[in-house]
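Novice: First the structure, which I've put down as structure tokens, then a few questions once you've had a look.
Only the coordinates and a few stated rules stand behind these numbers; no lab work does. This is a predicted model, so every value here is computed, not measured.
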Amino acid sequence: MRIAPLLAAAAFAALAPAAIAQQGEEIRVLLAPELETTLVSPMLGRIRNVNVTLGSNVTKDCQEQAARVAMSQAELVGARENHEAKLRLQALQSAGEVEVNLAAAAVDKARAQLELSKVQAGQCSVLAPFNGRAVRIHVKAYQGVTAGQPLVELVSSGPFKLRLNVPSKWLAWLKPGTPFDVVIDETGRTYPARVTAINGRVDAASQSIELEARIDDKSGELVAGMSGAAQFKPPR
């Protein structure tokens, strides 16, 4: 009379590990941008305009720096003319070698000052280092800023990384390149993903390990910070 229950129990015991591995507790995932940064002001100045479109620029008011470049160029022209005049006088034995050398040094100094002014003027435009989205704007148009002050926080527009923690016992079959599916809460859609990196240390308290993965999204509807659930299919 007990044979059938025993067989049923044995069958359940054989299937239970696979069922638990496939279902288990929900594995939550978080979408993180591939790149993110905060643009800061490289100099003291005043914001002229703030653009927050894809691949946008943050531009400063460069009138003062442009004037310094023009002044440095004029000083360089004057120094060169003076040096040439000293060379002509030296040929006529009306100027000594010291005067000629001092005039040449003045030319070098004016040239260096012009290069410095150009570098400072070049810092007036703060360019986005990659295509992405502005997630936080710290300044407004016509606002004064100091060197090192945060301007705009940017995140790349894709592809996105996934961060998740899975049971450490999954290391028996989980490898970089392992495919899985992700259901994103905000869109309600399922996307294919693939493991790209596995942490080198197991969390002893939770007996879990951190993973990074890459999600495949060609629709462009995903945004950094979205979350969802990972669906793995462990081998039986």
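Novice: Which residues' amide hydrogens lie under 5 Å from the amide hydrogen of Val29, considering only partners 5 or more residues apart or on another chain, with H built in the peptide plane?
Specialist: Gly228, Ala229, Ala230
Novice: Another question, then. Report the extension gain between Arg28 and Glu212 in nm, rounded to one decimal, defined as 0.36 nm multiplied by the number of residues separating them, less their alpha carbon distance. List each step's numbers first, then the result.
Specialist: Working: separation 184, 0.36 × 184 = 66.24 nm, distance 1.24 nm.
Full extension of this stretch gives 65.0 nm more.
Novice: Check Phe160: other-chain or 5+ apart residues with amide H under 5 Å from its amide H, H built from backbone geometry?
Specialist: Ile215
Novice: Looking at this model, which pairs from Lys140/Lys218; Lys118/Lys218; Lys161/Lys233 are more than 32 angstrom apart at the alpha-carbon?
Specialist: Lys140/Lys218; Lys118/Lys218
Novice: Shifting gears a bit: Can you work out the Karplus-derived ³J(HN,Hα) for every residue in the range 218-224? Use 6.51 cos²θ - 1.76 cosθ + 1.60 with θ = phi - 60°, whole Hz, and x for glycine or proline.
Specialist: 9, 7, x, 8, 7, 10, 4
Novice: Using 0.36 nm per residue of separation minus the Cα-Cα distance, give me the extension gain between Glu36 and Ala91 in nm, one decimal.
Specialist: 13.6 nm
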